[in-house]
Every structure is written in C-alpha cells, then in structure tokens.
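A.B. asks: Following this message is one structure expressed as structure tokens.
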Amino acid sequence: MRVLFIGGTGTISSACSELAISQGIDLFLMNRGSSLRPTPSGATVLRADISDRGRAREALGDLTFDAVVNWVAFHPGEVQADIEMFGERTKQYVFISSASAYQKPPALLPITESTPLANPFWEYSRNKIACEDLLVQQYRDSGFPATIVRPSHTYDKTRLPIYGRYTIVDRMRRGRPVVVPGDGTSLWVLTHHADFAKGFVPLLGNPRAIGEAFHITSDELLSWNQIYRMIGAAAGVPNPEIVHIPSEVIARHDSMWGDSLLGDKMHSVIFSNAKIRQVVPGFEASIPYADGVREVMAWFDADPGRQVVEQSINDTIDAMIAAWRG
C-alpha cells in the first residue's frame, strides 16, 4: 500500500509514520524538512511546502496513492485545494480534524462521533468544523473518499500539555506558584502519540473508514490537578504550589490561553472509543500519563537547550496571580 503523509514528522504524525513503515506501508512524506523530529528511516521524502501548489505538483509527478493524509490543513481553502489536487490521485483522503470541534460545553457524555460540532469560543475549532463540512458535502455530492479523524490532546516526549510548557516546570522547580484553571477538578484526556498511531494506521486503505469520522483517544480520565501534580512529580516536585484561577479570568490576561480553555480545556470530556474499536478491533491505549510524563521530563532534562523559559509567560502568570490574590 502506498500512502502519502503531508507532514509526517509532527507531534502526532511522527508515531504514525514509524508504525506505518514498520507494517510495510510504502510511505511518502511531503514536508519542508523543518521539524525537530528526524525523518523516519524507510520513508520517501518529497521536499515541498503543500501551500506552494505548483511546487507540490512538481514533487508529486505522476504518483498515485491508496491514501493521502493531510496533517497540516486548518482552513477550508486548504482542503478545497487538496480535493482538486488529489481527487484523481488517491483512493482515500484523510483529514486530521480536532476533538475540540465537538459541542462546548457538551450536552451529553460520553462524547461520540455523533456529538454535534459547535464551538463558539475558539476560531481554530470553527475552522476545523468548516473543513469537515466541506468534505462531508463532497463525499455526498461526488463520492470523494474522505475520512475524518479527530485527535484529542495528543502528546509525544517533546510536549507538555500545559500553557507555558517548560516555563511551568521551571516555576515548579524554583518553588514559584503555577496557575491551574478553575478548581482543577474538570476531567481531561491525554493520549500518547504511540497509542494514537495504533488506532490510526489501520484506517489507512480501509474501506470501512470511507465517509466516516473517528476520534482516537485514551480512556484514562485525569483532573487538571492530577495532571499538574504528575508533571511536578516527574520534575522532582511532588507538591507544586497551585493557584486556582477561573478560566474567564485567565482569558482576560491572555486571550490565546483563554480561547483554548473556554473553547476546550475547561470542560470535562469523556470519550467513547466504541466506533474506532468496531473498525480496529482490539485497539487499546496502553500508556498511562504517569509513564508518559516521565518520558517527557527525561527528554527535557537530557539537553539544557530544550529547557526554554519564556519571561513573558512568567510575567503574565505573576501578574495574574497578583491580581487574583489582590
């Protein structure tokens, strides 16, 4: 099976690339070569930026594929261009959407693939919804072989799932307080990218996936208090000083952080993975976050150059805490 990943070396896609190659898929990657993650051995690289459609067509030549996956499409115009470019080149087009597109706050739990798509708080999610709408219409009108996949919060060893990333770890290690949104008790799901790949790769070239949407997540439920304390424990600070601040207040201090909270992370989420298990029998996310976060901290601690502390984030958090306590 010949598959093209547009991207393929990102947080989520890197594990999918490795697994696809290990399973004998003839994998092509189209990207700019700018990722901090290495290109997996065994992949054929087409060096091009997909936004430069002329150069992308040159790189593709007369290649055709059993599946094309765009990991880096965020706007309907990009998806429309893909439909035109790959309509005659592929038997399956996989769009990477986002579980943040689901209705916020969710009216019913658990979240399934039939949960309405509606996010009035976050433009990123609304753009993903618009992309999905376009693909669904194309599938209905012309049979365009679309599959939609909605990752939730997926991480690899280079990613901390919190605003501020390593800056927050540095604060913990220096005994400075960190901000946890709300009261820290809302439930969240974190999925290791290797677990995501186990559900994703079997969808490639799978006729049961055409015209369907899937999310692929862990079944482990964690509160934000637990997540921050797990990060602290992995960093050698088992009891970091936590200051709880409402998400609406955080949004007034930092709109980007606020959008991601109000549009996604402040709401408790529980996902049903029944649908992916129907198509990928035996799928199971097996890496708990307590293990995953130790892998993350080992990556940061292996190279001081990775331990980036952003003063602007420190200033924002200090100002936020001072205002809230005041």
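The values are calculated or read from the model by the stated rules, or taken from the named source; none is laboratory data. Keep in mind that this is a model prediction, so the values were computed, not measured. With ideal geometry, Cβ positions are generated from the backbone for all residues, glycine too; neighbour counts draw on all protein chains shown.
A.B. asks: Can you say whether TYR124 is surrounded by fewer than 22 Cβ atoms within 10 Å (Cβ to Cβ), at pLDDT below 95 and not assigned by TED's automatic domain parsing to the domain that holds VAL94, as far as the supplied structure shows?
C.D. replies: In short, no.
A.B. asks: Still on this structure: From the residues in the range 2-12 that are outside any strand (DSSP E or B) and in contact (Cβ under 8 Å) with a residue 60 or more places away in the chain, which one is nearest to ASP195 (Cα to Cα)?
C.D. replies: Within the range 2-12, the match that is nearest to ASP195 (Cα to Cα) is ILE12.
A.B. asks: I'd like the residue in the range 5-18 that is touching a Lys or Arg at 6+ places or on another chain (Cβ under 7 Å) and at pLDDT 90 or above and, out of all such residues, is surrounded by the most Cβ atoms within 10 Å (Cβ to Cβ).
C.D. replies: SER14
A.B. asks: List every residue pair whose Cβ atoms sit under 6 Å apart, with the two residues 6 or more apart in sequence or on different chains, where the first one lies in the range 84-106 and is without any contact (Cβ under 8 Å) to a residue 40 or more places away in the chain and the second, anywhere, is polar (S, T, N, Q).
C.D. replies: ARG89/THR64; GLN103/THR115
A.B. asks: List pairs: first in the range 304-323 and surrounded by 12 or more Cβ atoms within 10 Å (Cβ to Cβ), second part of a helix (DSSP H, G or I) and of a type in the set (S, T, N, Q), Cβ under 6 Å, 6+ apart or cross-chain?
C.D. replies: Filtered contacts from the range 304-323: VAL309/THR167; GLU310/THR167; ILE313/THR167.
A.B. asks: Quick check on PHE86: is it closer than 24 Å to GLY61 by Cα and either surrounded by fewer than 21 Cβ atoms within 10 Å (Cβ to Cβ) or of a type in the set (A, V, I, L, M, F, W, C) (or both)?
C.D. replies: Spelling it out, PHE86 is indeed closer than 24 Å to GLY61 by Cα and either surrounded by fewer than 21 Cβ atoms within 10 Å (Cβ to Cβ) or of a type in the set (A, V, I, L, M, F, W, C) (or both).
A.B. asks: Hey, another quick one. Would you be able to tell me the number of residues in the range 18-31 that are charged (D, E, K, R) and either more than 26 Å from LYS198 (Cα to Cα) or touching a residue at least 40 places away in the same chain (Cβ under 8 Å) (or both)? Spell out the reasoning first.
C.D. replies: Initial filter on the range 18-31 (charged (D, E, K, R)): 18, 26.
From the residues that got through so far, the ones that are either more than 26 Å from LYS198 (Cα to Cα) or touching a residue at least 40 places away in the same chain (Cβ under 8 Å) (or both) too are 18.
Summing the residues that are charged (D, E, K, R) and either more than 26 Å from LYS198 (Cα to Cα) or touching a residue at least 40 places away in the same chain (Cβ under 8 Å) (or both) in the range 18-31 gives 1.
A.B. asks: While we're looking at this one, here's another question. Residues of the range 170-199 being touching a Gly at 6+ places or on another chain (Cβ under 8 Å) and within 18 Å of ALA290 (Cβ to Cβ), which ones?
C.D. replies: Listed by number, the residues that qualify are MET172, LEU190, HIS192.
A.B. asks: Considering each of SER35, SER51 in turn, give the residue that is among the hydroxyl-bearing types (Ser, Thr, Tyr), surrounded by 15 or more Cβ atoms within 10 Å (Cβ to Cβ) and in contact (Cβ under 8 Å) with a residue 24 or more places away in the chain.
C.D. replies: The match here is SER35.
A.B. asks: Out of all the residues in the range 105-117, is one or more among the small types (Gly, Ala, Ser), assigned by TED's automatic domain parsing to the domain that holds MET30, touching a Phe, Trp or Tyr at 6+ places or on another chain (Cβ under 9 Å) and on the phi < 0 side of the Ramachandran plot?
C.D. replies: No, the conditions are met nowhere in the range 105-117.
A.B. asks: Do you know which of the residues in the range 276-286 that are under 19 Å from the mean Cα position of the chain (by Cα) and surrounded by fewer than 19 Cβ atoms within 10 Å (Cβ to Cβ) is nearest to LYS157 (Cα to Cα)?
C.D. replies: SER286
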